[in-house]
């Protein structure tokens with residue numbers, strides 16, 4: 001996997017959405033951002049496994065950022081890294 005494929009539009013949208021979720025403190029706002037981004041970033045028409053993995057990775061990153069015991073910026077960095085690696089690992093292996 002090359003560096004250029006890691007910096008694709010989908011990955012930038014994923015990281016941008018995750019950062020937007022971190023900046024919003026309201027739970028309903030977080031759910032709304034995740035739902036809107038998942039609806040807008042469609043890899044193919046209909047619901048397929050890539051869209052579901054994208055949604056799960058976003059949700060996992062948002063939950064992980066809240067549950068880690070460190071300060072918020074460190075939690076955000078760890079959550080972005082882990083969810084980004086999880087998403088790209090699945091997409092690379094499929």
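The values are calculated or read from the model by the stated rules, or taken from the named source; none is laboratory data. Just so we're clear, the structure is a prediction, and the values are computed from it rather than from any experiment. FYI the Cβ positions are ideal-geometry reconstructions off the backbone, even for glycines, and counts take in every protein chain you see.
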### Message
Residue under question is residue 40, and the condition is that it be under 16 Å from residue 10 (Cα atoms), modelled with pLDDT under 85 and buried (at least 17 other Cβ atoms within 10 Å of the Cβ); does it hold?
### Response
no
### Message
Against the definition (modelled with pLDDT under 85 and within 16 Å of the chain's Cα centre (by Cα)), how does residue 8 come out, yes or no?
### Response
yes
### Task
Would you be able to tell me the number of residues in segment 62-94 that are touching a residue at least 40 places away in the same chain (Cβ under 8 Å), surrounded by 11 or more Cβ atoms within 10 Å (Cβ to Cβ) and part of a loop (DSSP other than H, G, I, E, B)?
0
### Task
Confirm whether residue 46 is outside any helix (DSSP H, G or I) and either over 23 Å from residue 72 (Cβ atoms) or modelled with pLDDT of 85 or more (or both).
yes
### Message
Please go through segment 18-40 and give me each residue that is assigned to a helix (DSSP H, G or I) and touching a helix residue (DSSP H, G or I) at 6+ places or on another chain (Cβ under 6 Å), ordered by number.
### Response
18, 20, 21, 22, 30, 33, 34, 37, 38
